[in-house]
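Read the structure below first, then the notes.
The values are calculated or read from the model by the stated rules, or taken from the named source; none is laboratory data. The model shown is predicted, which means the values in this text are computed figures rather than measured ones. Cβ placement follows ideal geometry from the backbone for every residue including glycine, while neighbour counts extend to all protein chains displayed. Keep in mind that these areas ignore ligands, DNA and RNA; they rest on the heavy atoms of the full protein, side chains included. Shrake-Rupley method; radii C 1.70, N 1.55, O 1.52, S 1.80 Å.
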Amino acid sequence: MFKNIITSLLLLTSLFSVAQTSVLDSETKTPVSYATISFGNGNGIFADDDGKFVFTKKIYSDIDTLYISSLGYKDLKIATENLPKTILLDAEADKLQEIIVKAKPKGKFKIEKIKTTTHEDYYKCWLPTIESEIAVFFPNENKKTKRLTTVYLPIKVEAKTWHKRKQAKSKKRSFSTLFRVNFYENDNGKPGDVLTYDKVVFIATEANEKVYELDVKKFDIFIPKSGAFVSLQVLGYTDKKGKLLPNKKYREVKTKRGIVKVSTTFRPLLPFTDKIPAKRTYVKRIFLNGNEWVLYDKKNIKKSNLLLSGLNNYGIGLKMEVYNTTD
């Protein structure tokens, strides 16, 4: 089944290659990897690692304007009619200068781990879509200097045959999905400014069942005294070489109100839990103009089966180097 999906998507790429557009830094002319391409209606797509994306009226006939954005750059609004092959984004120098590069502290440190919280229940999982980003808050309770080295992301893969889903050695449903991980400051209880402008991405497949272990030592991410948020967002399926595919992210469903675009769900599933006492998971709609982070609870999110079951949190785990200094 996975091979058929990949074949179809590669054909789609070939058919619409003439509509491929590149997003570049206006000064350096280097690619702006994984730029956000919003349609202004709550939907959108992402550029790939080369800053390229495919947009065609044959796929998105009702879209006349694109909103291009990326961390560290000024937002750009552009018409879809006569869409250029190259789009240039201007860097926001002030924002880029806000990131303070900290040297690795000298001296001894101890390793501190925050365990993941996960399970094996298919029905207690979040179905990832490219319109949503999930962020989890981690307080810095003792205010010591902490350098983040590993992020542990709970995932759940599916059995290829449903009636064999409870068998440990059942053959798994194939997928290759590109994710991005972001790191944010704590801004009065919500995700604030980013802690790094580096593009932290990884590809998950059916071989990564239960927990994906992401090494982030090279990014030198330090947990602020007020704590930090770690977020996860799906960018889309990839080909065998890890390149982001221009797959259609929505399907059209006929309703009494007319045609409604429903977001495609991607694999793997993300296990949510009721085993964490504090509510520390936040979500936002990435492509919706003026999007805001909201606490994931019943007051803010309506008609959620996970919340109705008391599943308020995504149980990300961390590993950190903890130094004696509090500077």
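Could you name the lysines in cross-link range of Lys302, using Cα to Cα under 25 Å and dropping any fewer than eight places away on the same chain?
Lys124, Lys156, Lys190, Lys249, Lys254, Lys256, Lys261, Lys275, Lys279, Lys284
I'd like to compare 109-120, 216-227: which one has the highest average count of other Cβ atoms within 10 Å, and what's the full order after that?
On the way: 109-120: 15.1, 216-227: 17.0.
Top to bottom by mean Cβ count within 10 Å: 216-227, 109-120.
Under 11 Å from the Cβ of Tyr122, count the other residues' Cβ atoms, weight Lys and Arg +1, Asp and Glu -1, and hand me the total.
Working: positive: Lys124, Lys156, Arg165, Lys166; negative: Glu120, Asp121, Glu158.
Value of the local net charge: +1.
In whole Å, largest first, what are the principal axis extents of the Cα atoms in region 40-178?
Its Cα atoms span 54, 54, 24 Å along the three principal axes.
Write down the accessible area per residue of the chain in Å², having rolled a 1.4 Å probe over the full set of protein chains. Please list the in-between numbers first.
Numbers: 17550 Å² over 327 residues.
With all protein chains present, the chain gives 54 Å² per residue.
All other residues with a Cβ under 14 Å from the Cβ of Ser309 taken together, and with Lys, Arg as +1 and Asp, Glu as -1, what is their net charge?
Values: positive: Lys124, Lys275, Lys298, Lys303; negative: Asp121, Asp274, Asp297.
Every neighbour counted, the sum reads +1.
Measuring from a point 7 Å past the Cα of Leu127 along Cα-to-C-beta, which residues in region 135-164 have an amide N at less than 19 Å?
In region 135-164, the label zone of Leu127 (backbone N under 19 Å from the point 7 Å along Cα→Cβ) covers 155-163.
Taking all pairs of distinct Cα atoms, average 1/r, flip it, and tell me the Kirkwood hydrodynamic radius of region 143-251 in Å to one decimal place. Display every interim value, and only then the final one.
Working: mean 1/r = 0.0623 Å⁻¹.
Taking every pair of different Cα atoms in region 143-251, averaging 1/r and inverting gives 16.1 Å.
Per 10 Å bin, what is the whole-percent P(r) computed from every C-alpha pair distance within region 192-327?
With 10 Å bins starting at 0, P(r) equals 8, 29, 39, 19, 4, 1, 0.
Could you tell me which residue out of Ala278, Ala47, Ile134 lies farthest along the dipole of the chain toward its positive end? Charges go on the beta carbon: Lys and Arg +1, Asp and Glu -1, centred on the Cα centre.
Highest projection toward the positive end goes to Ala278.
Can you check how the C-alpha radius of gyration of the chain compares to 2.2 N^0.38 Å, as a plain ratio?
Details: Rg = 20.3 Å, N = 327, 2.2 N^0.38 = 19.9 Å.
Computed over Cα atoms of the chain, the ratio equals 1.02.
Step through the residues of region 277-283 one at a time and calculate ³J(HN,Hα) from phi using the Karplus curve (6.51 cos²θ - 1.76 cosθ + 1.60, θ = phi - 60°), rounding each to whole Hz and writing x for Gly and Pro.
Taking θ as phi minus 60°, the curve returns x, 7, 7, 10, 9, 10, 9 Hz for region 277-283.
Name the most mobile residue of Val260, Val157, Val211, meaning the one with the largest mean-square fluctuation, in a Gaussian network model of the chain with Cα contacts below 10 Å.
Comparing Val260, Val157, Val211 in the GNM, the peak value goes to Val260.
Under 14 Å between alpha carbons, and skipping anything fewer than 8 positions from Lys58 in its own chain: which aspartates and glutamates qualify?
Output for Lys58: Glu81, Glu252.
For region 228-317, with all protein chains present and a 1.4 Å probe, just round the carbon and sulfur fraction of the accessible area to a whole percent.
Working: 2330 of 4650 Å².
The C+S portion of the solvent-accessible surface of region 228-317 is 50 percent.
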